[in-house]
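Before any comments, here is the structure.
The values are calculated or read from the model by the stated rules, or taken from the named source; none is laboratory data. Predicted, not measured: the structure shown is a model, and the values here were computed from it. No Cβ is skipped: glycine too gets one built from the backbone with ideal geometry, and neighbour counts run over all protein chains shown. Accessible surface areas use protein heavy atoms only, side chains included; no ligands, DNA or RNA. Shrake-Rupley method; radii C 1.70, N 1.55, O 1.52, S 1.80 Å.
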Amino acid sequence: MDIDGIRKRIDLLDDVLLRIFNERARLALEIGHLKKGLNLPVFDPSREKRIFARMKDENPGPLDSDAIVRLFERVVDESRRLERIMSHADEEEN
Ligand SMILES: O=C(O)C(=O)C[C@]1(C(=O)O)C=C[C@@H](O)C=C1
């Protein structure tokens, strides 16, 4: 396949990633609301460790374990950020 053909396939995958990143973020926000109601902290390091360990175990490559962990750290970091923004916005409303 030529470069344009491969780029079209990458664009399609990027569309899927975009949808999935946002769907994941929405679920993290739901957890954020529940945690707020239960007075639990946003940051759950043991849960994050389990996510990274599971993704390393399931990783088929060619990305190596370090790359997978870096990517998921980024994703989870953004969920945490969103949960905190939502939590502060709730506080300002009340
Ligand atoms: O599972 C949670 O407790 C979440 O808040 C979601 C999430 C995630 O993005 O997966 C985000 C922050 C936590 O530190 C752990 C995991």
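Within the range 1-60, track down each residue that is among the β-branched types (Val, Ile, Thr) and near the ligand (Cβ under 9 Å from one of its atoms). Full working, then the answer.
Start the filter on the range 1-60 by keeping residues that are among the β-branched types (Val, Ile, Thr), which leaves 3, 6, 10, 16, 20, 31, 42, 51.
Within the range 1-60, ILE31, VAL42, ILE51 meet the criteria.
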Item to complete: Determine whether the range 57-72 contains at least one residue that is farther than 19 Å from LEU27 by Cα and of a type in the set (S, T, N, Q).
Response: yes
Practice prompt. Give the residue, chosen from GLU92, GLU83, that is without any contact (Cβ under 8 Å) to a residue 60 or more places away in the chain and more than 15 Å from the ligand (Cβ to nearest atom).
Written response: GLU92
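Is it true that some residue in the range 34-51 is over 22 Å from ARG84 (Cβ atoms) and surrounded by fewer than 12 Cβ atoms within 10 Å (Cβ to Cβ)? Explain how you work it out, then say what you get.
Narrowing the range 34-51 to residues over 22 Å from ARG84 (Cβ atoms): none.
The answer is no; no qualifying residue exists.
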Discussion item. For the list (1) within 14 Å of the ligand (Cβ to nearest atom); (2) open to solvent by less than 90 Å² (accessible area, probe 1.4 Å); (3) without any contact (Cβ under 8 Å) to a residue 12 or more places away in the chain, I need the number of the one condition that SER65 fails.
Written reply: (1)
